[in-house]
Each structure stands twice: as C-alpha cells, then as structure tokens.
Amino acid sequence: MIEFDGVVKRFGDLVVLDQLDFTVRRGEKVTLVGPSGSGKTTILRLLMTLEAVSSGTIRVDGEMLSHEQRGGKLVPAREKHLREVRKKVGMVFQQFNLFPNMNVLENITEAPIHVLGRSRDEARKRALDLLELVGLSDKATAHPSQLSGGQQQRVAIARCCAMDPKVMLLDEVTSALDPELVGGVLDVLRELAESTDITMLIVTHEMGFARDVSDRVLMFDHGRIIEEGTPEQIFNAPENERTREFLKAVR
Ligand code: ADP
C-alpha cells in the first residue's frame, strides 16, 4: 500500500531523509518512533503531497506520487493525478484542524459531498454512523468551540474516516490534549485499528498505544530506519543502542 524507494528529502543543505526504503502492506498498522527531528513528520507530509521528494520514489496503492503514466510514458504528476492520489490518503493532525465555522456534522460531510460527490443524505447517514463509532452522537449540531480537545480530535478522526481513505496517517494525535483526554482518543483509534483493514501509519510518543495497535515499529534516527521489528522486539528487546536510549528517555 505504501512504498518508499531510495527516498531522499533535503531542506537546503539539511538531509532530512537519507535513502529511505520501506514498505507497508495493505491493512498493516506501522508506527514510526524516534527522536524529535528524525524525519517522521516529513514522511507523513510527503505522503500527503504537502512536500515533494528531492529524489527517489514513493508509491501509494501502486501510484507514484511524483509521476503518472500518460500515453505509455512516465511524466511529472499533474494536479488531477495528485487529487486522485490524495483521495487514498487521510491524515489526522496534532491540532485537529476542524473548520471552526461549521458544526460537527458539516465538518464530516463537507469533503465527501464536495470532493467525492456523494449525496447529502448519504454523507449525512455515514457521518452519523461515524459519530456513533467515536462516541459523539449527541454532538452532531455542536460547533468545534463547544467541544473539548479530545472530542474535537474524535470528530477529526470521524472526518478522516468519512473519506474512506486506504491509508490513514496519524501525526501525534494526542500531544495537544490534556492528559485526562488522551485515553478516550486512543480507545477510539484502538477500536478502529482492530475493526477495519485500513492501513495506518502512526507517529506517536504514546508507547503503550504503539505496542497495542502496531504490527510493526520502525525506529528512526537522522532520517534513517535504524531498527525495525514487532512491538515486542522493539520495546522488550531492542538491539540498537540508540533505540535503547530513546525508549529509556520516553518511558
Ligand atoms: P520529526 O517528525 O521526527 O520530529 P520532522 O520530519 O518534523 O521530524 O523534521 C525533520 C527535520 O527536518 C528537522 O530538522 C526539521 O527542522 C527539518 N524540517 C522540517 N520541515 C522543514 C522545512 N519546511 N524547512 C526546513 N527544515 C525543515
């Protein structure tokens, strides 16, 4: 579902991702861990086409992000191709990013109606189902400012799911929350991870959550994967000294 092949990302002289290769299978839940500045968020931003690679290729569900097939030739991707690829990928951000002028239901139905061309009725029905899934059926007509951070983040998760993405990217989705609100959001994500075959790429400092939901953990340092394995391998028996230091520091 996701394929990074020799990906390099530079900002000026700074090499943020250094010849990165990895794949994520359909339905797999993969967590990226590692010190701040190691390139984790950049990976998610590349997948969202918010940034472009300096070299190398990224494929999502078989489609290259930087190029497209046209008349039997590989040509630089045009906007139409990027729009199609973007539909496959949904992201939940640290800062929720809900539309403040719309109520909860409108936040969830906006993109399905205007981007996917769904009918209002259909989009509304799906949104109500998703609100039930995230435990907010009674908040459909509330505005984001009337909700707690944890509730806003659960709406953002429902909004992401409403687009039926093949890949869901989660970027430190609990770091802006008060500690007592973290559990509710993680419970919703655990439920989602268990009950769907959506592919998830997760950046988190919540190691307990990473352990529960991940099929695989990738440990990053300076834009490279320095160790990877199952959560048991990485959290119980890390082999790399940098991994051991990192885990000691975040626990
Ligand atoms: P992480 O998510 O692991 O904390 P990031 O991917 O956010 O790491 O950042 C990796 C490095 O890239 C950092 O050194 C950061 O300062 C740098 N960086 C990220 N985005 C930009 C940008 N737009 N311009 C310049 N440097 C950037």
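Here's a check for you: in the stretch 1-21, which residue that is more than 9 Å from the ligand (Cβ to nearest atom) and not in a strand (DSSP E or B) is nearest to the chain's Cα centre (by Cα)?
Per the stated criteria, the residue is Met1.
Which residue, of Leu74, Leu46, is modelled with pLDDT under 95, out of contact with any helix residue (DSSP H, G or I) (no Cβ under 7 Å at 6 or more places or on another chain) and either within 16 Å of the ligand (Cβ to nearest atom) or assigned to a strand (DSSP E or B) (or both)?
Values: Leu46 fails: modelled with pLDDT under 95.
Of the residues listed, the single one that is modelled with pLDDT under 95, out of contact with any helix residue (DSSP H, G or I) (no Cβ under 7 Å at 6 or more places or on another chain) and either within 16 Å of the ligand (Cβ to nearest atom) or assigned to a strand (DSSP E or B) (or both) is Leu74.
Every residue, every condition in (1) of a type outside the set (D, E, K, R); (2) free of Cβ contacts under 8 Å to residues at least 40 places away in the same chain; (3) part of a helix (DSSP H, G or I), yes or no:
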| site | (1), (2), (3) |
| --- | --- |
| Met102 | yes, no, no |
| Ala111 | yes, no, yes |
| Asp138 | no, yes, yes |
| Gln152 | yes, no, yes |
| Ala176 | yes, no, no |
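Can you pull out the residues in the stretch 22-43 that are without any contact (Cβ under 8 Å) to a residue 24 or more places away in the chain and within 8 Å of the ligand (Cβ to nearest atom)?
Taking the stretch 22-43 and keeping what is without any contact (Cβ under 8 Å) to a residue 24 or more places away in the chain, we get 23, 36-37.
Result: Ser36, Gly37.
If you check Ile198 against the conditions, is it out of contact with any Gly (no Cβ under 8 Å at 6 or more places or on another chain) and crowded, with 18+ Cβ neighbours inside 10 Å? Give the steps one after another, and end with the answer.
On the way: out of contact with any Gly (no Cβ under 8 Å at 6 or more places or on another chain): no; crowded, with 18+ Cβ neighbours inside 10 Å: yes.
Judged against the criteria, Ile198 is not a match.
Of the numbered conditions (1) modelled with pLDDT of 95 or more; (2) part of a helix (DSSP H, G or I); (3) over 15 Å from Lys29 (Cβ atoms), Asp187 satisfies every one except a single condition; which is it?
Every condition holds for Asp187 apart from (1).
On the basis of being under 17 Å from the mean Cα position of the chain (by Cα), loosely packed, with under 14 Cβ neighbours inside 10 Å and either in a strand (DSSP E or B) or among the hydrophobic types (A, V, I, L, M, F, W, C) (or both), does Thr31 make the cut? Step through it out loud before you land on a result.
Working: under 17 Å from the mean Cα position of the chain (by Cα): yes; loosely packed, with under 14 Cβ neighbours inside 10 Å: no; either in a strand (DSSP E or B) or among the hydrophobic types (A, V, I, L, M, F, W, C) (or both): yes.
It is false that Thr31 is under 17 Å from the mean Cα position of the chain (by Cα), loosely packed, with under 14 Cβ neighbours inside 10 Å and either in a strand (DSSP E or B) or among the hydrophobic types (A, V, I, L, M, F, W, C) (or both).
What residue, among those in the stretch 49-61 that are of a type in the set (Val, Ile, Thr) and part of a loop (DSSP other than H, G, I, E, B), is surrounded by the most Cβ atoms within 10 Å (Cβ to Cβ)?
Per the stated criteria, the residue is Val53.
The values are calculated or read from the model by the stated rules, or taken from the named source; none is laboratory data. In this text, all values refer to a predicted model and were calculated from it rather than measured experimentally. Reconstructed Cβ throughout: ideal geometry from the backbone, glycine too, with neighbour counts over all protein chains shown.
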